[in-house]
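FYI, it's all coordinate maths here, none of it is from the lab. Keep in mind it's a predicted model, so treat the numbers as computed, not measured. Because the Cβ atoms are built from the backbone with ideal geometry, glycine has one as well, and the counts that use them run over all protein chains shown.
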Amino acid sequence: MNEVGRENLLKRKLLPLAEEYDYILVDCPPSLGLLTLNGLVAAVNGILIPVQCEYLAMEGLGDLISTIERVRRVISPDLIIRGVILTMFDTRTNLANDVVLEVKKHFEDKVFNTIVPRSIRLAEAPSYGVPISLYSPSSIGAIAYKELAKELLLGDGHQLPEV
């Protein structure tokens, strides 16, 4: 697209919706194309970075941080990392534990306490076109994402209803 200010298109479209929603999540590819750039610029309340507990994900994380720094320097100086979410954690591997330690060392207080485990149910849910909370609400993956949502809400100062 040759439009001037094209990196702000998504932000301009989402701003009128901000009053209607508490959260707007935009899932972006990890590469720095126009879609991701728009997602980063539109992230007025910060970005969430999911990190698979695997070696290659750690390698890509460095590239992502460099990208975030460039976007912050050139386009969006208020861009912040709201938090890092550890996903696809496999309790059977030392590597997964090593990745958790390394991410926590680098991001310190930005890493959510909830770690999302690797789960067959999580892998199956998208093929049925439903979220894990509907596909298999009692699965370990659904429970982990529910805990993550609670952690995010509480971290943002929201009161949760008693259940």
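A few comments on the model shown:
- For the range 39-109, trypsin sites (Lys or Arg not before Pro) meeting the loop criterion (DSSP other than H, G, I, E, B) and having at most 13 other Cβ atoms within 10 Å: 92.
- One Cα centroid belongs to the range 18-69, the other to the range 98-163; the line between them spans 17 Å.
- Amide H contacts for residue 86 (H built 1.01 Å from N in the peptide plane; partners 5 or more residues away or on another chain; cut-off under 5 Å): 51, 112, 116.
- Scalar couplings 3J(HN,Hα) for the range 45-56, obtained by applying the Karplus form with A = 6.51, B = -1.76, C = 1.60 to θ = phi - 60°, are 9, x, 10, 9, 10, x, 10, 5, 7, 9, 4, 5 Hz; x denotes Gly and Pro.
- Hypothetical label at residue 100: residues of the range 106-123 whose amide nitrogen lies under 11 Å (7 Å Cα-Cβ projection): 113-118
- Gyration tensor verdict on the range 62-163 (Cα atoms; rounded if a/c is under 1.5, prolate if a/b is larger than b/c, oblate otherwise): prolate
- Qualifying GluC sites (Glu not before Pro) for the range 93-163 [loop in DSSP, other Cβ within 10 Å: at most 10]: 162
- The distance between label points at residue 75 and residue 149 comes to 3.0 nm (points 7 Å beyond Cα on the Cα→Cβ vector).
- Neighbour cut-off at most 11 other Cβ (10 Å), DSSP loop, GluC sites (Glu not before Pro), the range 6-47: 19, 20
- Whole-Hz couplings from phi, Karplus 6.51/-1.76/1.60, listed for the range 90-100; x for Gly and Pro: 10, 4, 7, 10, 5, 4, 4, 5, 5, 5, 4
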